[in-house]
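See below for the structure under consideration.
The values are calculated or read from the model by the stated rules, or taken from the named source; none is laboratory data. What you see is a predicted model, and the numbers here were worked out from it, not measured in a lab. Quick reminder, even Gly has a Cβ in these numbers, built from the backbone with ideal geometry, and neighbours come from all protein chains shown.
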Amino acid sequence: MLNRGLAAAGCGLMKCWLLYPVISAPMPFQMALDEILFRRLESTVSDTVSDTPALRFYYSSEPWMTVGYAFKNGELKKNQALKICRRITGGGSVTHGNDLIFSLATRKEHDDSFASVRLSYLKIHEAVKCALDSLGKNARFYRCDENLPKGKDCFRFPIATDLALGEEKVAGGAQKRSSGVMLHQESVKIPKGVSPEVLMKSVEKGFCEVFNIQMNEAWLTPELLHEAGTLAKVKYERA
């Protein structure tokens, strides 16, 4: 088990989030690990040290497609070449392998924006926008008054509050909420000329600035990794 008390000890009076180590792995494992962090928050008592928000950056170790929990099998293209994994969050299909992915598991009490789906998307994407802007990429929000076509491919069919570089969607997310706990999963395309590591560090800094927080390292314990590996096999590799 993660010693969250030790992880949170260095935060002082400043709000602190847990930051897990970056890993590259197949998407069933990544989805399983996200779900476990989400379920652990669900099972803890609010206003205790163990309900600290958990942020995790990761990569898909090979090309995968993830689809939202309500995505119908019949909506997938025939002869789909990519391996497919279902998320517990909503939304359509997202192709992974050349993107930076992050997840945030948190209680809604940890920030005023987390009580609202729309406001939480906006503030999380403000952190991503700050990161892209700091790299000279000048990201913009898609607006509610834009005539945006609808479709199941998330990066071909953006929605309001997603982020764009020029006319191309560069970042979008999906959420699951239960018992006052939120899981946000995000995919960010890596812009040309920017290394994944630089982008990741910039997004981390964006979170710290926008949410006025400090990051404190958390541990991926052998027990947590084993639990994620088991869940991946019994649930996500069969999705």
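So here's what we get for this one:
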quantity	calculated
Residues of segment 96-114 satisfying the condition of being surrounded by fewer than 15 Cβ atoms within 10 Å (Cβ to Cβ), of a type in the set (Gly, Ala, Ser) and at negative phi	none
Qualifying position, being surrounded by fewer than 19 Cβ atoms within 10 Å (Cβ to Cβ), in contact (Cβ under 8 Å) with a residue 12 or more places away in the chain and either closer than 13 Å to Leu183 by Cα or of a type outside the set (D, E, K, R) (or both), among Ser120, Ser61	Ser61
Close pairs (9 angstrom Cβ cut-off, 6 or more residues apart or separate chains): over 12 Å from Ser187 (Cα atoms) in segment 156-167, in a loop (DSSP other than H, G, I, E, B) and of a type in the set (Phe, Trp, Tyr) anywhere	Pro158/Tyr142; Ile159/Tyr142; Ala160/Tyr142; Thr161/Tyr142; Ala164/Tyr142
Near pairs, Cβ below 8 angstrom, 6+ apart or cross-chain, from segment 198-219 (over 11 Å from Ala131 (Cα atoms) and surrounded by 15 or more Cβ atoms within 10 Å (Cβ to Cβ)) to any residue that is of a type in the set (Lys, Arg) and at pLDDT 95 or above	Phe211/Lys123
Test: residue in segment 156-171 that is modelled with pLDDT of 95 or more, within 26 Å of Ile36 (Cβ to Cβ) and surrounded by 18 or more Cβ atoms within 10 Å (Cβ to Cβ)	yes
Subset of segment 60-88 [more than 28 Å from Pro21 (Cβ to Cβ) and part of a loop (DSSP other than H, G, I, E, B)]	Ala70, Phe71, Lys72, Leu76, Lys77, Lys78, Asn79, Gln80, Ala81
Members of segment 21-50 that are surrounded by fewer than 22 Cβ atoms within 10 Å (Cβ to Cβ) and either modelled with pLDDT of 95 or more or among the charged types (D, E, K, R) (or both)	Pro21, Val22, Ile23, Ser24, Ala25, Pro26, Ile36, Arg39, Arg40, Glu42, Asp47
Of residues in segment 130-155 being assigned to a strand (DSSP E or B) and without any contact (Cβ under 8 Å) to a residue 60 or more places away in the chain, the one nearest to Lys192 (Cα to Cα)	Arg140
Residues that are of a type in the set (Asp, Glu) and within 12 Å of the chain's Cα centre (by Cα), drawn from segment 90-109	Asp99
Cross-chain or 6+ apart pairs with Cβ under 7 Å, segment 180-193 first and under 10 Å from Phe114 (Cβ atoms), then among the hydroxyl-bearing types (Ser, Thr, Tyr)	Gly180/Ser46; Met182/Thr106; Met182/Ser120; His184/Ser103; His184/Ser120
Those residues of segment 174-190 which are surrounded by fewer than 16 Cβ atoms within 10 Å (Cβ to Cβ) and not hydroxyl-bearing (Ser, Thr, Tyr), in sequence order	Gly180
Qualifying residue in segment 89-108 (condition: modelled with pLDDT under 95, touching a Phe, Trp or Tyr at 6+ places or on another chain (Cβ under 8 Å) and in a helix (DSSP H, G or I))	yes
